[in-house]
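Single-structure report; data block below.
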Amino acid sequence: MSRARLIPSLDAVLSHPASEELRRVHGERAARAALRTAAGSLREQLLRDPSLAITSAEEAGAAIVERAAVALGAASLSLLQPVINATGVVIHTNLGRAPLGAAARAAIDAIAKGYVSLEFDLDTGGRGSRHVHAEQWLCETTGAEAALVTNNTAAAMTLALSALAAGREVIISRGELVEIGGGFRVPDVLRASGAILREVGTTNRTRVADYAAAISERTAAVLRVHPSNFRMEGFTERPPLADLAALGQRFDVPVLEDQGSGWLGLDLLDAEDLPTGSRRVLEREPSVRLSVRDGADLVGFSGDKLLGGPQAGIVVGRASLVERVRRHPLMRAVRADKLTYAALEATLDAWRRGTALEDLPVLAMIGMPDARIEARARTLQDRLVTAGVPMNVTLRAGESTIGGGSLPGEVLPTTLVALSADVGADALLERLRRGEPVVVARIEMDAVCLDVRTVLPDQDAALADAVVRAARA
Ligand SMILES: *Cc1c(COP(=O)(O)O)cnc(C)c1O
């Protein structure tokens with residue numbers, strides 16, 4: 001008898017109790033497909049490999065269901081999943097940067113479920129422009145004349161340089177020919193936009209006179225890049241933006257700035273309950289508003305870093321330049337979608353109302369009072385101890401970071417919940433990562449450390465439960 005005969009019918013496999021669970025979790029169609037594939041591969045293996053120890057239809061059925069479960073499980077690991085960020089890195093690029101505030105999420109829901117005035121002029125009833133959305137509030141919060149929104153900052157800078165400088169020279173300091181991360185390298189972006197790189201100065205020191213000496217009739221722009229992800233110390237010099245802007249004005253050359261973080265500043269630093277450590281860190285970040293005030297002609301920045309909103313690239317500045325950028329054919333390829341506009345408008349609304357520190361998660365995390373972090377850490381410790389987890393749970397002083405290429409070297413004091421278990425830190429970290437909900441944490445001095453600063457406050461109980469499950473797994 002051919003061993004292939006041992007393979008049960010699909011109906012028989014479907015009636016296996018474990019396959020019921022697969023159908024419930026993954027849906028009828030996907031579960032059937034996985035079971036059929038698993039049955040096919042088992043049949044082939046049975047014919048090929050006489051040593052395969054399967055001797056009955058029951059055993060074959062169980063093997064098929066198990067293989068299908070493994071395949072379906074592996075496939076769902078690559079799905080986008082919510083994660084509890086206990087790393088203490090606020091703008092964690094690998095974990096999706098800025099979580100959105102409640103108003104932005106509500107705006108997305110309201111806009112997503114029906115038709116919207118994306119390119120429809122409510123005043124005239126005729127065709128409108130998507131570019132008007134968010135523009136008013138971008139101008140209000142940054143002090144600029146005009147604004148436009150793209151997919152991300154890499155697109156915004158490439159677009160702006162293509163529109164203003166293709167075939168001509170862009171002057172940039174050798175100290176700013178940086179790589180931001182994820183393949184965004186300033187010289188490559190310039191090349192991709194067709195601009196010719198004209199480097200001036202040295203790695204550590206560049207003066208206004210260096211820029212001035214490079215200006216010619218071939219010059220299209222001066223580019224200033226915020227070296228957001230590293231810090232240069234010692235014998236360094238970099239002209240204030242205002243001096244570069246004055247130079248640009250004298251020679252009628254626009255000065256563009258890649259600001260990066262989207263830190264708007266406003267009067268957030270005046271907030272009385274902002275911890276000193278947080279204020280000190282934020283004071284070091286240049287704000288878009290100051291760049292505009294200091295005379296930058298165009299400023300590019302991200303929507304999902306310190307601005308605290310959705311992924312987007314934003315360009316603000318002089319109306320005539322913004323209009324030239326907007327009319328470039330690439331604009332169509334990098335424009336933002338309606339959900340981005342919805343979330344961005346709601347995020348900017350918090351800034352203009354003065355509620356950014358409370359309403360935008362990224363800013364609430366950075367501005368969280370030390371005592372509040374300590375209290376939450378203590379509550380987490382109590383929950384774990386009360387649950388009787390088989391590990392040592394202690395509190396220790398630690399440091400959170402801003403991340404996302406913002407404020408390199410700057411740290412915020414925090415209270416860590418340190419977990420030491422017999423299984424070892426690596427194994428515990430992996431269990432947390434494979435749990436549900438997924439928890440991402442870090443290891444410090446042989447202990448898994450949880451930093452509640454970056455855990456959304458309404459996830460505190462779920463985090464405790466996830467750790468209890470990981471400890472007992
Ligand atoms: C983050 C950053 C970028 C890239 O922004 P994306 O929105 O990720 O494209 C570019 N420049 C600077 C200075 C940045 O900090």
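The values are calculated or read from the model by the stated rules, or taken from the named source; none is laboratory data. Bear in mind that the values here come from a model prediction, so they are computed numbers and not experimental data. Note that each Cβ is placed from the backbone with ideal geometry, even for glycine, and that neighbours are counted across all protein chains shown. Areas reflect the complete protein model, heavy atoms only, side chains present, ligands, DNA and RNA absent. Shrake-Rupley method; radii C 1.70, N 1.55, O 1.52, S 1.80 Å.
Mind counting the residues in the stretch 215-244 that are among the hydrophobic types (A, V, I, L, M, F, W, C), in contact (Cβ under 8 Å) with a residue 40 or more places away in the chain and part of a loop (DSSP other than H, G, I, E, B)? Number satisfying all stated conditions: 3. Summed over the stretch 165-198, the residues that are under 23 Å from Ser261 (Cα atoms), open to solvent by less than 10 Å² (accessible area, probe 1.4 Å), part of a helix (DSSP H, G or I) and more than 12 Å from the ligand (Cβ to nearest atom) give a count of 1.
Beta carbons closer than 8 Å, at least 6 apart along the sequence or on distinct chains, pair a first residue in the stretch 269-297 that is assigned to a helix (DSSP H, G or I) with a second that is open to solvent by 90 Å² or more (accessible area, probe 1.4 Å) for Leu269/Glu283. Scanning the stretch 445-473 for residues that are under 14 Å from Leu416 (Cβ atoms) and either in contact (Cβ under 8 Å) with a residue 60 or more places away in the chain or touching a Gly at 6+ places or on another chain (Cβ under 7 Å) (or both) returns Cys449, Leu450, Asp451, Val452, Arg453, Thr454, Val455, Leu463, Val467.
Contact map, the stretch 159-178: first residue more than 18 Å from Gly248 (Cβ to Cβ), second residue part of a helix (DSSP H, G or I), Cβ cut-off under 7 Å, separation 6 or more or different chains; pairs are Leu159/Val325; Leu159/Met331; Leu159/Val334; Leu177/Val186; Leu177/Pro187; Val178/Val186. When the stretch 111-164 is limited to residues that are assigned to a loop (DSSP other than H, G, I, E, B) and within 16 Å of the ligand (Cβ to nearest atom), the one that is surrounded by the fewest Cβ atoms within 10 Å (Cβ to Cβ) turns out to be Asn151.
Every condition in (1) modelled with pLDDT of 95 or more; (2) open to solvent by 70 Å² or more (accessible area, probe 1.4 Å) holds for Pro390 except the one numbered (1). Restricting Ala377, Ala350 to those that are over 17 Å from Val149 (Cα atoms), touching an Asp or Glu at 6+ places or on another chain (Cβ under 6 Å), of a type in the set (A, V, I, L, M) and buried (at least 20 other Cβ atoms within 10 Å of the Cβ) reduces the list to Ala350. Quick check on the stretch 285-300. Is at least one of its residues open to solvent by less than 30 Å² (accessible area, probe 1.4 Å) and among the acidic types (Asp, Glu)? Among the residues of the stretch 285-300, at least one is open to solvent by less than 30 Å² (accessible area, probe 1.4 Å) and among the acidic types (Asp, Glu), which makes the answer yes.
Within the stretch 303-321, none of the residues are part of a loop (DSSP other than H, G, I, E, B), free of Cβ contacts under 8 Å to residues at least 60 places away in the same chain and either away from the ligand (no atom under 12 Å from the Cβ) or over 23 Å from the mean Cα position of the chain (by Cα) (or both). For Glu358, the conditions (1) in contact (Cβ under 8 Å) with a residue 12 or more places away in the chain; (2) closer than 26 Å to Lys305 by Cβ; (3) open to solvent by 50 Å² or more (accessible area, probe 1.4 Å) are fulfilled apart from (1). When the stretch 4-27 is filtered for residues that are within 17 Å of Ser56 (Cα to Cα) and open to solvent by 60 Å² or more (accessible area, probe 1.4 Å), the ones remaining, listed by number, are Arg5, Ser9, Asp11, Ser15. Do you know which of the residues in the stretch 59-110 that are part of a helix (DSSP H, G or I), under 29 Å from Ala464 (Cβ atoms) and free of Cβ contacts under 8 Å to residues at least 12 places away in the same chain is least open to solvent (accessible area, probe 1.4 Å)? Looking at residues that are part of a helix (DSSP H, G or I), under 29 Å from Ala464 (Cβ atoms) and free of Cβ contacts under 8 Å to residues at least 12 places away in the same chain, I get Gly73. Within the stretch 226-264, track down each residue that is out of contact with any His (no Cβ under 9 Å at 6 or more places or on another chain), at pLDDT below 95 and either crowded, with 22+ Cβ neighbours inside 10 Å or under 16 Å from Ile196 (Cα atoms) (or both). Of everything in the stretch 226-264, those that are out of contact with any His (no Cβ under 9 Å at 6 or more places or on another chain), at pLDDT below 95 and either crowded, with 22+ Cβ neighbours inside 10 Å or under 16 Å from Ile196 (Cα atoms) (or both) turn out to be His226, Ser228. Scanning the stretch 393-417 for residues that are within 16 Å of the ligand (Cβ to nearest atom) and open to solvent by 60 Å² or more (accessible area, probe 1.4 Å) yields one hit, Gly409.
Taking the stretch 391-417 as the range and being in contact (Cβ under 8 Å) with a residue 24 or more places away in the chain and among the small types (Gly, Ala, Ser) as the test, the residues that pass are Gly398, Ser400, Gly403, Gly404, Gly405, Ser406, Gly409.
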